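Have a look at the structure below, then the notes.
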């Protein structure tokens, strides 16, 4: 889509890069036969918001999810991948190469009619036709819908697609305005606490249903440089003063620490 640097919009080049990311992972695993080499992917449930957009949703799912899962599980790419490389030997190496699988999860994608404020760059989804993304409230300051159940769904899908492969939630978190403060100046981020609480519960439900989830990592410890968004989006459970570099734990930091201790 060109959102991130260097701003290039070239689907064919993007898919070549994706192929070589997977190939690099597989070659790395091959070079270290005694190591447990895993791979981490951003995954999203894709929902049809209105009838008539099933094809668009299928293309979005193939590009966002199946590109990675199909290559790792059955050694092929989905049909939506433009100019899909016919590298039989590469795909044979990629198949089954993940000793463990990391899930980065933030939101669910709802596919429906194109609207002026909801139409993604069509170059990112070639063959999908015109459509829009329709997040529902509540959303984070990134505009991402908060859907804890989507994490449970993704974990179940990975468990089904890659049976027996250990799963980790390697990123999950939310950016909020962080405007509310306690009397001592601590950021009182109750919205982030609710987000973490509900997504940890979703992870537990997936485990209870049989998904081999071995751990959950919150994104993130510190307010960080968020790529194209710079420092405008704060995901951290620790506030960072950019002028002084002082760091102050938010309310969510203390909640998460207490939650971890309670689960020991």
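Let me confirm something: among 228, 243, 262, which residue is part of a loop (DSSP other than H, G, I, E, B), exposed (fewer than 12 other Cβ atoms within 10 Å of the Cβ) and out of contact with any helix residue (DSSP H, G or I) (no Cβ under 8 Å at 6 or more places or on another chain)?
Working: 228 fails: part of a loop (DSSP other than H, G, I, E, B); 262 fails: part of a loop (DSSP other than H, G, I, E, B).
When all the criteria are applied, what remains is 243.
Every listed requirement among (1) within 23 Å of residue 165 (Cβ to Cβ); (2) buried (at least 18 other Cβ atoms within 10 Å of the Cβ) is met by residue 80 save one, (1).
Among all positions in the stretch 23-33, there is at least one residue which is without any contact (Cβ under 8 Å) to a residue 40 or more places away in the chain and part of a loop (DSSP other than H, G, I, E, B). When residue 163 is tested against (1) in contact (Cβ under 8 Å) with a residue 12 or more places away in the chain; (2) in a loop (DSSP other than H, G, I, E, B); (3) under 22 Å from the mean Cα position of the chain (by Cα), only condition (1) is not met.
Any idea which of 203, 220 is out of contact with any helix residue (DSSP H, G or I) (no Cβ under 8 Å at 6 or more places or on another chain) and either at negative phi or at pLDDT 95 or above (or both)? Steps first, answer last, please.
On the way: 203 fails: out of contact with any helix residue (DSSP H, G or I) (no Cβ under 8 Å at 6 or more places or on another chain).
Going through 203, 220 in turn, the sole match is 220.
When restricted to residues that are within 24 Å of residue 15 (Cα to Cα) and either surrounded by fewer than 16 Cβ atoms within 10 Å (Cβ to Cβ) or at pLDDT below 70 (or both), the stretch 127-138 contains 2.
If you check residue 35 against the conditions, is it at pLDDT 95 or above and surrounded by fewer than 14 Cβ atoms within 10 Å (Cβ to Cβ)? Spell out the reasoning first.
Working: at pLDDT 95 or above: yes; surrounded by fewer than 14 Cβ atoms within 10 Å (Cβ to Cβ): yes.
Yes.
The set of residues in the stretch 175-221 that are free of Cβ contacts under 8 Å to residues at least 24 places away in the same chain and part of a loop (DSSP other than H, G, I, E, B) comprises 179, 180, 183, 184, 221.
Looking only at residues in the stretch 182-196 that are under 17 Å from residue 246 (Cα atoms) and within 29 Å of the chain's Cα centre (by Cα), which one is surrounded by the fewest Cβ atoms within 10 Å (Cβ to Cβ)? Residue satisfying both the conditions and the ranking: 186.
The values are calculated or read from the model by the stated rules, or taken from the named source; none is laboratory data. Quick caveat: nothing in here was measured; it's all calculated off a predicted structure. Every residue, glycine as well, gets a Cβ built from its backbone with ideal geometry; the counts of neighbours run over all protein chains shown.
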